[in-house]
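Presented below is the structure to which this report refers.
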Amino acid sequence: MSVQPGWNGRFFEDFAPGDIYKHPLGRTVTATDNAWFTQLTLNTAHLHFDANYASKTSFGRPLVNSCFTLSLVTGQSVTDVSQNVFANLGWDEVRLPHPVFEGDTLYAESEVLEARASASRPETGIVTIRTIGYNQDGDIVISFRRTLMVYRRGHGPLASYRPEPKR
């Protein structure tokens, strides 16, 4: 029997401009997700948590909090993009071209736009990606550019943080 390592994500050397990662996990947004996130963040917009109020709008039902959408789609990208992140440097050009409703299932993919060595931290590189999130019908619900600092292979805590089980 041989022990095979699990997927530990990409390191800086693994990013090439033009590569597209189809993130593996879809996620259905529930009413509970929307209500909890909205209230956790003290968002008082009735449109997110008051179904009666939302029924009187042109949407006719509650909208999912757009910050939840950003968080979810970013999270969907972690396994492929930022599993070995040193730091997030920014989200830019966030666009929300289509509403997200409770019950929608979201999927995501990211394209590598740029990868360059870090001038200040030689153990890392700077990666810029464009991520899109889309619903079960293929409608793009969010897009954004994200810049992050990623460890180079052999650097960072990955190699030493996890103890081995006593057998």
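What follows draws every value from the coordinates through simple rules; no lab data is involved. What you see is a predicted model; the values in this text were computed from it and never measured. Using ideal geometry, Cβ is built from the backbone for each residue, glycine included, and neighbour counts are taken over all protein chains shown.
Computed from point charges on the beta carbon alone (+1 for Lys and Arg, -1 for Asp and Glu), the dipole magnitude for region 12-154 about its Cα centre is near 240 Debye.
Just so you know, the Cα atoms of the chain work out to an Rg and Dmax of 18.8, 62 Å.
Taking amide hydrogens as placed 1.01 Å from N in the peptide plane, the amide H of ASP104 sits under 5 Å from those of VAL29, each at least 5 positions away in sequence or on another chain.
Given labels modelled 7 Å from the Cα in the Cβ direction, how far is it in nm from ASP92 to ARG116? Result for the modelled spin labels: 1.1 nm.
When every Cα-Cα distance of region 115-159 is counted in 10 angstrom steps from zero, the calculated P(r) takes the values 25, 33, 23, 17, 1 percent. Sparse packing (at most 14 other Cβ atoms within 10 Å of the Cβ) combined with a DSSP loop state is found for the following chymotrypsin sites (Phe, Trp or Tyr not before Pro) in region 130-167: TYR161.
For trypsin sites (Lys or Arg not before Pro), the sites in region 21-93 that DSSP calls loop and that have at most 14 other Cβ atoms within 10 Å are LYS56.
Put simply, the convex hull of the Cα atoms in region 1-79 casts, on average, a shadow of 8.9 nm². A DSSP coil position with no more than 11 other Cβ atoms inside 10 Å describes the following chymotrypsin sites (Phe, Trp or Tyr not before Pro) in region 2-71: TRP7. Each helix, a run of at least 4 DSSP H residues, gives -39500 (n - 2.57); summed and divided by the residues of the chain, these come to -5500 deg cm²/dmol at 222 nm.
Taking other residues whose beta carbon is less than 14 angstrom from the beta carbon of HIS46, and scoring Lys, Arg as +1 and Asp, Glu as -1, yields +1.
The mean of 1/r over all pairs of different alpha-carbon atoms in region 75-167, once inverted, gives a Kirkwood hydrodynamic radius of 15.0 Å. For the chain, set up a Gaussian network in which alpha carbons nearer than 10 Å are linked by springs, and say which option among ALA119, ALA108, ALA87 fluctuates the most. Result: ALA119 has the largest fluctuation of those listed.
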